[in-house]
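These notes concern the structure reproduced below.
Every read-out reported here was derived from the displayed coordinates using simple, explicitly stated rules and does not represent laboratory data. As the structure is a prediction and not an experimental result, all values here were calculated from the model. Neighbour counts are summed over all protein chains in view; Cβ atoms, including those assigned to glycine, are modelled from backbone coordinates with ideal geometry.
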């Protein structure tokens, strides 16, 4: 099941996350100071240290809000206080919940004042959000980071079509490698995805011929000027989209 692309309702109460479901939350990161301060209260000492490494105040506040909302969301699903939510990290830096809480999987991406939080019970998930910057969507960058067939497909598009297709490609590839939990140790050039908007997405090729059948990649539409994608292990998905407020 694909998500309702343009529907991001604010739920009444906290929704129930059933086995196999994926919930994707859209979060606005430009918040008033009291919201930032309340988010700071649920961060751990190491998270506060990470926040303080940001040079610009806006970047620091966006990190604080995104992490604070993530811990509140996970706390609601787990029925524990947000400040009790703690993480462990694999060798590639992907976070996961500690101990008995590890039955939930999650992933987060944020860009240009907006964040997406994907949370699932029983499936691996990866999400990526990109702000569309036309000046970045060049042949030179595509040749360096995309597969040969993706770069060739981009060259066939008009100048008007190219920026959205470029960032569709980028978001779908990033969501997939984030779901795998291997980071850029899994090179972006070694697999291909489809680029079009509004059509079913395919993992078109991979070094492992069985890999495309193991994953579902979905297009998300969080707002004008953004490209986003969700990668989930398995098929027959139920994806629900929510707006955090």
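For the chain, a Kirkwood hydrodynamic radius built from all Cα pairs, placed in the Stokes-Einstein relation at 20 °C and 1.002 mPa s, yields a translational diffusion coefficient of 115 µm²/s.
Relative to the longest principal axis of the Cα atoms of the chain, the long axis of helix 162-180 lies at roughly 60 degrees. According to the Cα-based calculation, Rg over Rh for the stretch 75-207 is 1.03, with Rh computed by the Kirkwood formula. Between residue 152 and residue 86, full extension at 0.36 nm per residue minus the direct alpha carbon distance yields a gain of 19.4 nm. Helix 57-78 versus the longest principal axis of the chain: what is the Cα-based angle in degrees, 0 to 90, to the nearest 10? For helix 57-78, the angle is close to 70 degrees. Each peptide among 116-123, 92-99 gets the average number of other Cβ atoms lying within 10 Å of its residues, and from highest to lowest they stand as 116-123, 92-99. Radius of gyration over Kirkwood radius for the stretch 129-177, both on Cα atoms: the Rg/Rh ratio is 0.92.
Equivalent-ellipsoid semi-axes for the stretch 129-218 (Cα gyration tensor, √(5λ), whole Å, largest first): 21, 13, 13. Each 10 Å bin from zero up to the one holding the largest Cα-Cα distance in the stretch 66-138 carries the following percent of pairs: 18, 47, 24, 9, 2. Taking the inverse of the mean 1/r over every pair of distinct Cα atoms in the stretch 1-112 gives a Kirkwood hydrodynamic radius of 15.4 Å.
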